[in-house]
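Engineer: Here it is, the structure in full.
Laboratory data are not the source of any read-out in this text; all were calculated from the coordinates shown. Predicted, not measured: the structure shown is a model, and the values here were computed from it. Using ideal geometry, Cβ is built from the backbone for each residue, glycine included, and neighbour counts are taken over all protein chains shown.
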Amino acid sequence: MITKNISILGSYTSKFGELWDKSLADLLFEAIGGVLKNSTVEPDQIDAIFVANMAAGSFNDQRHLNAIASQYFVHFPPAYRLEGACASGGLAVESAVLGLLSGMYKTVLVVGVEKMTDSEVSKVTEILATAANTNLEYGATFAALYALLTQAYQNKFGTNREQLSAVAVKNHRHALKNTNAQFQKEITIDQVNNSTVVSSPLRLLDCSPISDGSAAVILSVENVKNKPKIIGFGHGQDSIDLARRTNLTELKATKIAAEKAYRMAGLTAKDIAVAEVHDCFTIAEILAIEDLGFFAKGTGGIATAEDKTTFGGTIVINPSGGLKACGHPVGATGVKQIANIYELIAEDQYAVGLTHNVGGSGATAVVHIITK
Amino acid sequence: MNAINYWRQNKKWNLCLGKIGTVFSCTKIYASGSEQNNIIPYFFCIVDFADGGRFELMACANEEINIGDHVQCVLRKIGTGDKKNIIAYGPKIKKYENSQGIFPRQSNPER
């Protein structure tokens with residue numbers, strides 16, 4: 001059980017997409033300013049900043065983001081940059097919570113940012129591939145690694161093309177309600193089935209896009225009435241390269257993270273009403289909803305195709321549109337997930353929510369559970 | 001891959017070069033990073049070698065690979081190399097056909 005109250009006092013998410021007129025710094029400051037405006041926290045109350053970013057050094061020739069974030073404030077609070085590939089946001093939130101639990105800080109700001117679209121696609125592909133083992137997985141792309149997981153999964157459970165496509169169709173439909181989503185456009189099963197092959201069997205519409213964006217939340221040990229709280233979190237790791245994993249039809253890191261989070265919160269998967277999970281590729285959502293305990297192993301595809309993961313189903317997965325439709329500015333995603341679930345819980349739309357953020361092909365996973 | 005890293009890596013080629021194995025999983029890549037842009041599409045595979053090792057390797061150009069195929073690890077060009085004109089060679093796999101039709105048993109197929 002968490003020994004201190006961890007309240008979420010505010011959130012902000014930028015528009016995700018190809019944001020030509022916004023620089024990395026613009027996005028960073030937009031999120032910081034936005035979350036302060038959306039909360040009752042004064043800037044001088046921010047004791048520390050946790051910045052999530054995967055690859056600004058490669059995408060934008062800019063490192064030392066913690067210093068840039070800190071200089072937004074006249075009192076220059078201590079700031080940290082966290083990187084865990086696509087799990088950077090989840091790790092930043094977890095680190096912020098640990099900072100609060102340690103007693104070192106009372107109120108902290110977590111901001112995630114990524115500016116990817118200034119680089120051409122093959123360069124982005126190369127940079128993202130550095131989240132794999134660049135020596136042992138030389139020649140792989142991220143789509144290829146998840147395609148290998150898809151092949152292994154399909155081989156064992158017989159999940160078909162339509163079940164994969166159902167994930168993308170559902171998330172695009174969910175994103176119609178999200179004005180910050182990169183894509184607010186419905187797609188059909190046929191469109192996904194017939195989109196260009198990227199890495200067999202994964203097609204273009206199985207893949208989350210390249211995006212720019214930022215998101216921020218403010219966390220505090222102050223027990224503020226009616227504010228959602230983080231009541232559990234968990235962090236799991238597994239081999240970075242697929243060849244050394246013991247099982248390619250699950251993400252062990254997710255299972256470890258989920259088990260720790262549920263135990264800390266005193267809850268089980270059945271208690272979760274809504275979740276933002278890491279659907280970097282359609283297979284990733286199917287694996288996630290099984291490894292998080294929402295559906296039995298091998299049934300995630302069927303559950304999605306049978307509308308059990310949409311509004312009115314067993315559990316709502318990725319109401320924001322997920323990474324697939326909302327977009328995936330890598331460092332921002334994990335923070336945006338917290339922001340989304342926080343907003344839903346604050347508005348009393350759901351009682352308990354969960355966020356799931358994965359790094360690489362599943363080597364890192366972070367889960368947070370939020371309720372009022 | 002820069003020249004120094006390439007030099008370090010080629011000292012490990014003996015771990016798989018020449019060995020025979022079975023394809024556990026494979027994918028055909030149509031969109032790659034810039035170093036493999038001139039060879040797409042190509043297969044990328046997880047291979048279980050007869051001595052128990054498992055490796056992730058590119059397949060040779062023009063090889064059509066399927067799960068369960070028997071393959072051998074060979075030395076081939078793996079990318080365009082870096083700006084210092086290193087010709088980047090490394091381990092790749094190609095289909096293996098033994099004239100006697102004898103194939104090594106796949107180790108630990110359920111892994």
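Engineer: Based on DSSP H assignment, which helices of chain A show an axial Cα extent of at least 30 Å together with a mean Kyte-Doolittle hydropathy greater than or equal to 1.6?
Structural biologist: Details: long enough: none.
Membrane-span-like by this criterion, though nothing is claimed about a membrane: none.
Engineer: By the gyration tensor of its Cα atoms, with a ≥ b ≥ c the square roots of the eigenvalues, what is the shape of segment A:225-343: rounded for a/c under 1.5, prolate for a/b over b/c, or oblate? Present the calculation step by step, with values, prior to reporting the outcome.
Structural biologist: Values: a/c = 1.31, a/b = 1.18, b/c = 1.11.
Rounded shape, in that the Cα axes give a/c under 1.5.
Engineer: Averaged over B:36-48, how many beta carbons belonging to a partner chain fall within 10 Å of each residue's beta carbon?
Structural biologist: Values: counts 7, 3, 0, 1, 2, 3, 2, 4, 10, 3, 11, 1, 1.
For peptide B:36-48, the averaged partner shielding equals 4.
Engineer: Among the GluC sites (Glu not before Pro) within segment A:56-128, which fall in a DSSP loop and have no more than 16 other Cβ atoms within 10 Å of their own Cβ? Display every interim value, and only then the final one.
Structural biologist: Working: sites: A:Glu83, A:Glu94, A:Glu114, A:Glu120, A:Glu126; in loops: A:Glu83, A:Glu120.
Answer by residue number: A:Glu120.
Engineer: Give the long-range amide H neighbours of A:Cys86: residues separated by 5 or more places, or on another chain, with amide H under 5 Å away, using H modelled in the peptide plane at 1.01 Å from N.
Structural biologist: Those lying under 5 Å, H to H, from A:Cys86 are A:Gly360.
Engineer: Something else now. Could you give each residue of segment A:200-213 its phi-based ³J(HN,Hα) in whole Hz, using Karplus coefficients 6.51, -1.76, 1.60 with θ = phi - 60°, and x for Gly or Pro?
Structural biologist: 4, x, 6, 10, 3, 7, 8, 9, 5, x, 8, 9, 10, x
Engineer: Summing -39500 (n - 2.57) over the DSSP H runs of n ≥ 4 in chain A and dividing by its residue number, what mean residue ellipticity at 222 nm do you reach, to the nearest 500 deg cm²/dmol?
Structural biologist: On the way: 13 runs with 135 residues, N = 372.
Calculated at 222 nm, the ellipticity per residue is -11000 deg cm²/dmol.
Engineer: Right, here's the next one. Quick one: work out the % antiparallel among DSSP beta bridges in segment B:3-95, nearest 5. Write down the numbers at each step before the final one.
Structural biologist: Details: 23 of 25 bridges.
In segment B:3-95, approximately 90 percent of DSSP beta bridges are antiparallel ones.
Engineer: While we're here: Going by how many other Cβ atoms sit within 10 Å of their own, how do A:Leu65, A:Leu354 line up, fewest first?
Structural biologist: Working: A:Leu65 25, A:Leu354 30.
Listed from fewest to most nearby Cβ atoms, that is A:Leu65, A:Leu354.
Engineer: Further question on the same structure: Where does each of A:His64, A:His235 land when they are ranked from fewest to most other beta-carbon atoms within 10 angstrom? List each step's numbers first, then the result.
Structural biologist: On the way: A:His64 12, A:His235 21.
Result, fewest neighbours first: A:His64, A:His235.
Engineer: Rounded to the nearest 20 debye, what is the charge dipole size of the protein assembly as shown about its Cα centre when +1 sits on each Lys and Arg Cβ and -1 on each Asp and Glu Cβ?
Structural biologist: Numbers: 46 positive and 46 negative charges, 190 e Å.
It comes to approximately 920 debye.
Engineer: Could I ask something else about it? What distance in nm separates the two pseudo spin-label positions at B:Leu17 and B:Lys77, each 7 Å out from Cα along the beta-carbon direction?
Structural biologist: Going by the 7 Å Cα→Cβ label model, 1.8 nm.
Engineer: Let me ask something else about it. So, R0 is 30 Å and r is the distance between the beta-carbons of A:Ser102 and A:Thr130; what FRET efficiency does that work out to, to 0.05? Working shown, then result.
Structural biologist: On the way: r = 31 Å, r/R0 = 1.04.
Using R0 = 30 Å, I get an efficiency of 0.45.
Engineer: Something else now. Based only on other Cβ atoms within 10 Å, what is the fewest-to-most ordering of A:Thr150, A:Thr179? Can you show the working numbers first?
Structural biologist: On the way: A:Thr150 27, A:Thr179 8.
Listed from fewest to most nearby Cβ atoms, that is A:Thr179, A:Thr150.
Engineer: Further, regarding this structure: So how strong a dipole does segment A:255-372 carry about its Cα centre when Lys and Arg Cβ are +1 and Asp and Glu Cβ are -1, to the nearest 20 debye?
Structural biologist: Numbers: 9 positive and 12 negative charges, 61 e Å.
Roughly 300 debye, rounded to the nearest 20.
Engineer: Using alpha-carbon pairs under 8 Å, 6+ residues apart, how would you state the relative contact order of chain A in percent? List each step's numbers first, then the result.
Structural biologist: Values: 942 pairs, mean separation 100.7, N = 372.
Computed over chain A, the figure is 27 percent.
Engineer: Same structure again: Can you tell me what share of the DSSP beta bridges in the protein assembly as shown is antiparallel? A percent to the nearest 5 is fine. Before the final figure, lay out the partial values.
Structural biologist: Working: 60 of 77 bridges.
The answer is about 80 percent antiparallel.
Engineer: Gap in Å between the Cα centre of segment A:144-205 and the Cα centre of segment A:314-372?
Structural biologist: Computed from Cα coordinates, the inter-centre distance equals 19 Å.
Engineer: Extension gain A:Asn155-A:Thr314, at 0.36 nm per residue separation less the Cα-Cα distance, in nm? Don't jump to the answer; show the numbers that get you there.
Structural biologist: Numbers: separation 159, 0.36 × 159 = 57.24 nm, distance 2.66 nm.
That works out to 54.6 nm of additional length.
Engineer: Just report the Cα centroid separation between segment B:55-81 and segment A:46-83, whole Å.
Structural biologist: Answer, in whole Å: 42.
Engineer: Then there is this: If a/c stays under 1.5 just call it rounded; otherwise compare a/b with b/c (prolate if a/b is bigger, oblate if not). Do that for segment B:3-95, with a ≥ b ≥ c from the square roots of the Cα gyration tensor eigenvalues. Provide the component values of the computation, followed by the final result.
Structural biologist: Details: a/c = 2.40, a/b = 1.28, b/c = 1.88.
The shape class here is oblate.
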